[in-house]
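Novice: I have a structure here, written as structure tokens, and I will follow up with some questions on it.
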Amino acid sequence: MLIQQLVNGVLLGTTFALIALSFNLVVGALDRLNFALGETAMVSAICAALLVSQADVPFVVAFVLSLLIGAVVAALTYLLSFRFVSPKYHTAPILSSLGVGLVITSLVTRTFGSDQRRVPTVLEDVRFELGPLVVTGDQLIILVVAALLTGLLYVFLNRTTWGTAIRGVSDDADTSGLLGVPVQRVILLTFVLSGALAGASGLLTGLSFHTVSPFTGFETTLTALMVVVLGGLGNITGGVIAALLIGVVETLTVAYVSATFRDLLVFILVAVTLVVRPQGLFTRQSGVAARV
Amino acid sequence: MRRAFTGRRAAVAVVVPLLFVAACGGSDDNSSGGGGGDQSDAGPYKLGLVYSSEGPFANNSATARAGANYAVELINADGGVNGRDLELVEVDARNDPQSLVTAIPKLVSEDGVFAIIAPADSAGCEIACAAAAQLEVPAISPGAGRPGVLEPSRPWSFTLAQPDAANSIPVLSAVVKQEGIKTAAIIYDEANATTKAQNDLYTKVFEDTGVEVVSTTTYTSGDPSFTSQVTSMAAETPDVIALAAGPADAARIAVEVRTQNLDSLLMGTGSLQSGGTEYLNGAGDAAEGTITAAQFNPDNPDQPAADLLAQAREDNDFDVVPLNFSYAFDIVNMIANYLGDNEVEATEDSLADDRQGLLDYLQGETLEGMSGDVKFAEDGTGDRPQLYAVVTDGKFVIQEVDS
């Protein structure tokens, strides 16, 4: 059972990793936290779940739509909470994006109701049994899609002009601007990418948990925040590893201790990390944490 | 006295001939059945309605709220009570104990409500009813079923539900024997008083029937993922998985159980049937075969319940009338009937006596309504039939317990 629980933990961590990647992209670009990303993931997942379960839209199409919805919502969040706020006021975007998140939740509950929505199984009756280990078809989809998105993001950031521009703005926006990089467009692109990842994360998490609820937005944000703090602000590899670690810790705590202690142990893990290694387990570059 | 409290104001055309059926003892000094004197200048009768839009039993709360509003709508459309409208003063406690504690005094002192329709969930009811009792205001819950939930607030509180223990223990014990169950797993939220009580209930059922509990696992209400818990239970391959959970959580557990290819029987207490719609919608096919204790028959063939249920289905576009809906509907009608029969004025001077009169009325009568017959026991809980329900083709199908 331990091996199965470890696999369950890794799969849970995979869903955390995508939303943490999404968080880290924004931190990298703006040195700011977008507290509406959890709700962005939620609204994308709710819309996609409704399309799949009520309009019989194929999962692949709903998945693409979840990326688009996430991208649009994140772009709107950027315009509402970040674009026109002076960099002098560090807390303003935090409060403003929190507010956007509340508005999104309110709009979703008023439009679609407050019930959780079922995400139908994609590959029914598909199971892979390797001795004591069982992986369902849906779990495999989650793993493959998450790995694919992470890989594509890596390639985009490291092998394309726009990716290089994002990394440049992330390292030093002023110098990038002086070198002719369209900084505002790059930041908008970063938010769009971040929203698309959040949308994907929302639907894949719904697939993993079988349901999506309009009230999970802030909880998702909180989890992502713990992941990025543990992995190191702005560090994409660190974020992935921290997400998997938190997923495994949560799963093993539920299986062998008690569900009541699940969040407590994760909070302790994050708190101890902050005391012993304030920059997180990994650091992308010196000074990022300080700048945030 | 057996009293049908529904027809005069609700479902008038359908039910009027069925009103005020056989008397069966008790005083009968207030059975005029008329609408009472015209007090239309006195303003509406106000009733408090406390619900929670959040928490594990939010859906039960929502259906109860809908039932109360439906009753008020029908009564007011039929001319109100004593020429006065009924008005619900609603408070959303959002599953927050502090909100409950502050909401009740406000309802009583600022809004001047005559009585309170308490939260449908036991945890909320316990707090709200205790606060109402301190102010000597009657509070009636359309669903609280945890044993002892009314103890701190008697004699001012009632619940239309029979406690889970009184109803579910004998019913589930019979089901366990009937199904030949040998091993069981229990899943519950140890931080939630209601699901903890359900865990105790299951433990008692399995002890009494000689069933071995092979796995006990916990969750936190609202947990999105139950993969870890179900993996732990699956390792023991229990004959039955006992769900100590609100309907939304139970639905996610059911889906995960079937996803992991576990064919254990799923079992719930009466509260799972009461939140049945959310469970069925959330779990889909995974809910098929689930067995729960039941105390409410949404297809009750007896009058006046049958006609009231039919009208509620038509008016509210229900496939099945939810338990909390019918209980809340009945509560409003009970109070309305008391107000009408006694021509209660509920003025500042008479309020204390009027509220005491409501207590006596509730404690003394066998009342008939949408939810069937109910007589309140000495501890304020409803005395209900012992039934069980099996999810078949996406619906709870009510059956009689064999023994």
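The values are calculated or read from the model by the stated rules, or taken from the named source; none is laboratory data. Please read these numbers as outputs of a predicted model, since none were measured by experiment. Don't worry about glycine lacking a Cβ; one is built from the backbone with ideal geometry, like all the others, and counts go over all protein chains shown. Surface areas here come from the heavy atoms of the whole protein model, side chains and all, with no ligands, DNA or RNA. Shrake-Rupley method; radii C 1.70, N 1.55, O 1.52, S 1.80 Å.
Novice: Would you tell me the accessible area of A:R167, worked out with a 1.4 angstrom probe on the heavy atoms of the protein chains, in Å² to the nearest 10?
Specialist: Estimated to the nearest 10 Å², A:R167 gives 90 Å².
Novice: What percent of all Cα-Cα pairs in region A:22-102 falls in each 10 Å bin, counting up from 0?
Specialist: Over region A:22-102, the share of Cα pairs per 10 Å bin runs 19, 44, 23, 11, 2 percent.
Novice: Between region B:59-75 and region A:1-62, how many Å separate their Cα centres?
Specialist: With region B:59-75 and region A:1-62 each reduced to a Cα centre, they are spaced 36 Å.
Novice: Give, rounded to the nearest 20 debye, the magnitude of the charge dipole that region A:2-218 has about its Cα centre when Lys and Arg contribute +1 at Cβ and Asp and Glu contribute -1 at Cβ. Let's see the in-between values first.
Specialist: Numbers: 10 positive and 11 negative charges, 92 e Å.
In debye, rounded to 20, region A:2-218 gives about 440.
Novice: Exactly which chymotrypsin sites (Phe, Trp or Tyr not before Pro) in region A:167-246 are in a DSSP loop and have at most 10 other Cβ atoms within 10 Å?
Specialist: none
Novice: Now, a different point. Beyond 42 Å, what percent of the Cα pairs of chain B remain? Don't skip to the answer; put the middle values down first.
Specialist: Details: 9638 of 81003 pairs.
Taking all Cα-Cα pairs of chain B, the fraction more than 42 Å apart is 12 percent.
Novice: Report for the protein assembly as shown the percent antiparallel among DSSP-assigned beta bridges with both residues inside it, nearest 5.
Specialist: The antiparallel proportion sits near 40 percent.
Novice: Among A:L197, A:V144, A:V134, pick out the residue whose Cα is farthest towards the positive end of the charge dipole of region A:114-199, where Lys and Arg carry +1 and Asp and Glu carry -1 on C-beta, about the Cα centre.
Specialist: Toward the positive end, the furthest listed residue is A:L197.
Novice: Shifting gears a bit: What translational diffusion coefficient, to the nearest whole µm²/s, does region B:165-294 have by Stokes-Einstein, given a Kirkwood radius computed over alpha-carbon pairs, a temperature of 4 °C and 1.567 mPa s viscosity?
Specialist: Stokes-Einstein gives a translational diffusion coefficient of 92 µm²/s.
Novice: Here's a follow-up. Can you give the charge dipole size of chain B about its Cα centre, rounded to the nearest 20 debye, using +1 on the beta carbon of Lys and Arg and -1 on the beta carbon of Asp and Glu? Write down the numbers at each step before the final one.
Specialist: Working: 22 positive and 60 negative charges, 114 e Å.
Using only the charged Cβ atoms, the result is roughly 540 debye.
Novice: Report the residue, chosen from A:R262, A:R277, A:R110, that carries the largest GNM mean-square fluctuation when chain A is represented by alpha-carbon nodes joined by springs under 10 Å.
Specialist: Sorting by GNM fluctuation, first place goes to A:R110.
Novice: While we're on this one: Any idea what angle helix B:305-316 forms with the longest principal axis of chain B, computed on alpha-carbon atoms, 0 to 90 degrees, nearest 10?
Specialist: Long axis of B:305-316 versus the principal axis of chain B: about 90 degrees.
Novice: What are the ³J(HN,Hα) values, in whole Hz, obtained from phi via the Karplus relation 6.51 cos²θ - 1.76 cosθ + 1.60 with θ = phi - 60°, for each residue of region A:206-219 in sequence order, with x given for Gly and Pro?
Specialist: Result, ordered by residue: x, 5, 5, 8, 6, 9, 10, 10, x, 9, 9, x, 5, 4 Hz.
Novice: Now, a different point. Note down the relative contact order for chain B as a percent, whole number, built from C-alpha pairs under 8 angstrom at least six residues apart.
Specialist: Relative contact order for chain B comes out at 21 percent.
Novice: Could I ask something else about it? Take every Cα pair under 8 Å in chain A that's 6+ residues apart, average their separations, divide by the length, and report that relative contact order as a whole percent.
Specialist: Answer for chain A is 36 percent.
Novice: Follow-up. Can you give the local net charge around B:Y219? Use residues other than it whose beta-carbon is closer than 10 angstrom to its beta-carbon, Lys and Arg +1, Asp and Glu -1. Kindly include the intermediate steps, with their values, before the conclusion.
Specialist: Details: positive: A:R262, B:R252; negative: B:D189, B:E190, B:D223, B:D249.
My count for the surroundings of B:Y219 gives -2.
Novice: Right, here's the next one. Projected area of the protein assembly as shown, taken from the Cα convex hull and averaged over every viewing direction, in nm²?
Specialist: 32.4
Novice: Still on this structure: Under the definition of partner shielding as Cβ atoms of other protein chains within 10 Å of a residue Cβ, what is the mean value for peptide B:253-265?
Specialist: 2
Novice: Average partner chain C-beta neighbours within 10 Å, per residue of B:213-223?
Specialist: 3
Novice: Normalised by the residues of region B:165-294, what does the relative contact order come to in percent, with Cα pairs under 8 Å and at least six apart? If you can, show how the numbers build up before the last one.
Specialist: Numbers: 233 pairs, mean separation 34.1, N = 130.
In percent, rounded to a whole number, it is 26.
Novice: A further question on this structure: Would you tell me the mean number of C-beta atoms belonging to other protein chains that fall within 10 Å of each C-beta in A:2-11, as a whole number?
Specialist: Other-chain Cβ atoms within 10 Å of each residue's Cβ, averaged: 2.
Novice: Number of Lys pairs in chain B with C-alpha atoms less than 15 angstrom apart, excluding same-chain neighbours closer than eight positions?
Specialist: Counting lysine pairs in chain B gives 4.
Novice: From zero up to wherever the largest Cα-Cα distance of region B:37-169 sits, split into 5 Å bins and tell me the percent of pairs in each.
Specialist: Computed distribution, short to long bins: 2, 12, 20, 22, 20, 13, 7, 3, 1, 0, 0.
Novice: Moving on. With no solvent and one equal point scatterer placed on each C-alpha of region A:2-218, evaluate the Debye formula and give log10 I(q)/I(0) for q = 0.09, 0.13, 0.18 Å⁻¹, two decimals.
Specialist: -0.38, -0.75, -1.23
Novice: With every protein chain left in place, what is the accessible area of B:K182 in Å² (1.4 Å probe, nearest 10)?
Specialist: Roll a 1.4 Å probe over it and B:K182 shows about 140 Å².
Novice: Also, I was wondering about something else. Under unit Cβ charges (Lys, Arg +1; Asp, Glu -1), what dipole magnitude, rounded to 20 debye, does the protein assembly as shown have relative to its Cα centre? Walk me through the intermediate numbers first.
Specialist: On the way: 36 positive and 74 negative charges, 768 e Å.
Once rounded to the nearest 20, the dipole reads 3680 debye.
Novice: Using a 1.4 angstrom probe and counting only protein chains, how large is the accessible area of A:L153 in Å², to 10?
Specialist: 10
Novice: Positive end of the charge dipole of region A:2-218 (Lys, Arg +1 and Asp, Glu -1 on Cβ, about the Cα centre): tell me which of A:L2, A:L188, A:Y89 has its Cα farthest that way.
Specialist: A:Y89
Novice: For A:K88, B:K46, what's the largest-to-smallest order of accessible area, 1.4 Å probe? Walk me through the numbers before you get to the answer.
Specialist: Values: A:K88 150, B:K46 65 Å².
The most accessible residue leads, giving A:K88, B:K46.
Novice: Counting only DSSP beta bridges with both residues in chain B, what percent are antiparallel, rounded to the nearest 5?
Specialist: 30
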